[in-house]
1. Tell me whether the range 147-167 contains one or more residues that are under 16 Å from Leu89 (Cα atoms) and charged (D, E, K, R).
2. Output the number of residues of the range 81-127 satisfying the condition of being hydrophobic (A, V, I, L, M, F, W, C), outside any strand (DSSP E or B) and within 20 Å of the chain's Cα centre (by Cα).
3. Within the range 132-163, can you find the residues that are surrounded by 14 or more Cβ atoms within 10 Å (Cβ to Cβ) and small (Gly, Ala, Ser)?
4. All but one of (1) over 20 Å from Glu172 (Cα atoms); (2) over 21 Å from the mean Cα position of the chain (by Cα); (3) outside any helix (DSSP H, G or I) hold for Arg130; state the number of the condition that does not hold.
5. Considering each residue of the range 112-131, count those that are loosely packed, with under 13 Cβ neighbours inside 10 Å and within 16 Å of Gln93 (Cα to Cα), and give that number.
Amino acid sequence: MRALPHTLLIDGDCPLMKIWSVAALAALLLAPSCKKPGTPPEKSAASTKSAEVPLGAAAALVPSGIEAPEAAATNAPTILTLPPTTGTLTDRQKLRLVVVLDLDSPETRREAEGRMHEYQDYIILILADRSSNDLLNSFARDDLRYAIFEAIRNTLPPRGLKKVYFTEFVIE
């Protein structure tokens, strides 16, 4: 592999650091398992992977030889998007709303998936007490978000619901 101008050849199997930066160049050059620029990688029974990284790039790279199986299990999705909900407001206008729940664990997500119909019902009931004028300013939208948060939070384990987001908010 050839090094391009202003690049550093990094041995992908180097377990020295998970995040490479210009500040880490000194440690990189001193590490026995990492190669200096222009040095060809050694061949071994295990495949050695290399990457060219521009100097000064603010990229976070994980060396290709390092994998953490427990990290993969904890990085399971904990975001749940509810189906679009349309509710009638007190002034006969409609609000189309898509709510996204940020949950604490995959187990909580599985539990919430079984209650999505219940959550949509809560949202429709909460919207029935609001008017379109009530929802025009950001404080009122935050109050709506808090009401939805409280209604859903009570159906989940303690600290199971971290945050509620609106990804669609359209008054028709």
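Bear in mind these aren't lab numbers, they're just calculated from the coordinates by the rules spelled out. This one's a predicted model, so the numbers in the text were calculated from it and none came from an experiment. Cβ sites come from the backbone with ideal geometry, for glycine too, and all protein chains shown count toward neighbours.
1. Taking every residue of the range 147-167 in turn, none turns out to be under 16 Å from Leu89 (Cα atoms) and charged (D, E, K, R).
2. Residues flagged as hydrophobic (A, V, I, L, M, F, W, C), outside any strand (DSSP E or B) and within 20 Å of the chain's Cα centre (by Cα) within the range 81-127 amount to 2.
3. Of everything in the range 132-163, those that are surrounded by 14 or more Cβ atoms within 10 Å (Cβ to Cβ) and small (Gly, Ala, Ser) turn out to be Ser132, Ala140, Ala147, Ala151, Gly160.
4. (1)
5. The number of residues fulfilling the criteria is 3.
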